[in-house]
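Quick notes on the structure that follows.
The values are calculated or read from the model by the stated rules, or taken from the named source; none is laboratory data. Everything quoted here is computed from the prediction, not taken from an experiment. For neighbour counting, all protein chains shown are included, and Cβ atoms are generated from backbone atoms with ideal geometry for every residue, glycine included. The protein model used for the area step is the full one, side chains on, heavy atoms only, and it has no ligands, DNA or RNA in it. Shrake-Rupley method; radii C 1.70, N 1.55, O 1.52, S 1.80 Å.
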Amino acid sequence: MKILTINCGSSSIKYKLFDMPGETLVAKGLVEKIGEETSIFRHEVAGQVREERLQVRNHEEGLELIARALVTGEPPAIKEVAEIAGVGHRVVHGGEGFDRSVLIDDEVINRIEAYRELAPLHNPPNLAGIKAARRFFGHCIQVASFDTAFHRTIPEVAYLYAIPYRFYQQYGIRRYGFHGTSHRYVARRAAELLGRDKYSLNAITCHLGNGCSVTAVRAGRSVDTSMGLTPLEGLIMGTRSGDIDPGVILFLAERLGLEAVALNRLLNRESGLLGISGLSNDFRNLLQAAEKGNRQASLAIDMFCYRLRKYVGSYLTVLGQIHAIVFTGGIGENVPLVREKSLAGLEGLGIILDREANYQGQGERIISQKDSRIAVLVVPTDEELRIAFDTYTLAREKVRP
Ligand code: AMP
């Protein structure tokens, strides 16, 4: 069964075509710079990459291009679009409404639309992708997978902010959390690798990529997470500040006269690793610069690890007893230094890293010593594959209810 996943950003569409349930990646690609004079279209099938520069004015044109490339590319990924049994869409904000992936109908579209105020940068392009996909892949089911869904089990004490309660009632201001697809997947995988039932696992899952978040998992369910109303709260990220005293924002507004648009830009695009290092938001560049003695790059890395360490510590006390700490995402999977720095010296808490496994291993693995009470794992994540899996499951139910 062929399943297409679509991830629409404000000016991009990423897609992957899987053959399920074998989880084989058949094709993947990307349309970038949508709406600009020259857009870029990259399409890959069986190791053959084709890159084109052309004008793509909106998401609808982008999806038309993708639908065409899948059947006419060299080699074609499929003979006809009708072979696709389901399209799975990544939707960033599912508000309080969705605790799992769902079949998209008009009502679901209206509800996603209603959450646009909570995710103005994300939900509108996600919706544009859904509407366009209904046009070009109208023959098959469409599924929405929400970044927020896994976090619907977080209790009130953890999701409310201590501002007047009416703001929660009136505007839904609360912690929602993101990266749910990834946290759920790596928690499930960790349970399998440790031979535990997925609903018996207590764990701290660390998704460290361009965006970063940590989740406290009790009995297989999310009970707290570091991202909040928006994906700005919590860990230090590539260009996002993460946690900050709200007083700093008031200071910047009053003293420098910065308004919401400028503050948004400052905290989301100019802060984090980039803001501290003054160099790059890319961890690879920071590691290279730090090695050459760049102090600001070293400081950015140290601050990143320190913030992560604080979250691990606080979630340890939230959960009381845990079986595992799991690392995933581009940084979590590939930077042993981050894993080491964030967990060093915690032997007294039952966390003992295996230095060799941490530095030398590859892929999915346990990187703690045998006598470590808490296992530390690296589990590569693949959010698209998880979305494809949910879509496949719903498509199969539709065929065989
Ligand atoms: P993601 O959003 O999961 O793709 O992660 C992107 C982040 O992971 C960027 O900061 C990259 O620099 C970092 N990253 C990816 N691969 C590596 C690697 N092999 N070594 C160091 N950092 C990496």
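Within the chain, how many Lys pairs that are eight or more residues apart, or on different chains, come under 13 Å at the alpha-carbon?
7
How large is the charge dipole for segment 255-352, taken about the Cα centre, if only the Cβ atoms of Lys, Arg (+1) and Asp, Glu (-1) carry charge, to the nearest 20 debye?
About 200 debye.
Build a GNM of the chain with springs between Cα atoms under 10 Å: which of Asn334, Asn202, Asn58 gets the top mean-square fluctuation?
Highest fluctuation among the options: Asn58.
Need the C-alpha centroid separation for segment 372-401 versus segment 179-209, integer Å.
Spelled out, the Cα-based centre of one part sits 11 Å from the other.
Run the helix sum for the chain: -39,500 (n - 2.57) per DSSP H stretch of 4+ residues, divided by residue count, reported at 222 nm to the nearest 500 deg cm²/dmol.
Mean residue ellipticity, 222 nm, calculated: -12000 deg cm²/dmol.
When the chain is treated as a GNM, springs tying every alpha-carbon pair under 10 Å, which of Met237, Met227, Met20 comes out with the largest mean-square fluctuation?
Met20
Starting from 0.36 nm per residue, how many nanometres of slack lie between Gln369 and Val248 once their C-alpha separation is accounted for?
39.4 nm
Would you work out what percent of the accessible area of the chain, with all protein chains in place, is carbon or sulfur (probe 1.4 Å)?
Percent of accessible area from carbon and sulfur atoms in the chain: 49.
Local charge sum around Ile104 (other residues, Cβ-Cβ under 14 Å, Lys/Arg +1, Asp/Glu -1)?
Result for the neighbourhood of Ile104: +2.
Using +1 at the C-beta of Lys and Arg and -1 at the C-beta of Asp and Glu, which of Thr181, Ile374, Ile325 has the Cα lying farthest in the positive direction of the dipole of the chain?
Toward the positive end, the furthest listed residue is Ile374.
State, as an integer percentage, the relative contact order of segment 286-378 based on alpha-carbon contacts under 8 Å between residues 6 or more apart.
24 percent
Tell me the net charge near Arg42. Cut-off is 15 Å between Cβ atoms, Arg42 excluded, with +1 for each Lys or Arg and -1 for each Asp or Glu.
Around Arg42, the charge tally is +2.
Take Leu256 and Glu23, extend 7 Å from each Cα along the Cα→Cβ direction, and tell me the distance between the two endpoints in nm.
4.5 nm
Which value, in Å² rounded to 10, gives the accessible area of Arg116 with a 1.4 Å probe and all protein chains present?
That residue has around 110 Å² of solvent-accessible surface.
Which percent, nearest 5, of DSSP beta bridges in the chain are antiparallel?
Percent antiparallel among DSSP bridges in the chain is about 70.
What angle, in degrees between 0 and 90 and rounded to the nearest 10, separates the Cα long axis of helix 246-256 from the longest principal axis of the Cα atoms of the chain?
80 degrees
If amide hydrogens are placed 1.01 Å from N in the peptide plane, which non-local residues have theirs closer than 5 Å to the one on Thr381?
HN-HN under 5 Å from Thr381: Gly329.
Normalised by the number of residues in segment 14-71, what is the relative contact order in percent for Cα pairs under 8 Å and 6+ residues apart?
Computed over segment 14-71, the figure is 24 percent.
What number comes out for the charge environment of His323, summing +1 per Lys or Arg and -1 per Asp or Glu over other residues with Cβ under 12 Å away?
With Lys, Arg at +1 and Asp, Glu at -1, the neighbours total +3.
Go ahead and run the numbers for FRET between Ala158 and Val399, Cβ-Cβ distance against an R0 of 60 Å, rounding to 0.05.
It comes out at approximately 0.95.
Please state the relative contact order of the chain as a whole percent: Cα pairs under 8 Å, 6+ residues apart?
Relative contact order for the chain comes out at 14 percent.
Amide H of Ile325 versus every other amide H placed in the peptide plane: which residues, excluding those fewer than 5 positions away on the same chain, fall under 5 Å?
Amide H neighbours of Ile325: Ile204, Ala375, Val376, Leu377.
Please identify, among Tyr176, Tyr165, Tyr306, the residue showing maximal mean-square fluctuation in a Gaussian network model of the chain using a 10 angstrom Cα cutoff.
Highest fluctuation among the options: Tyr165.
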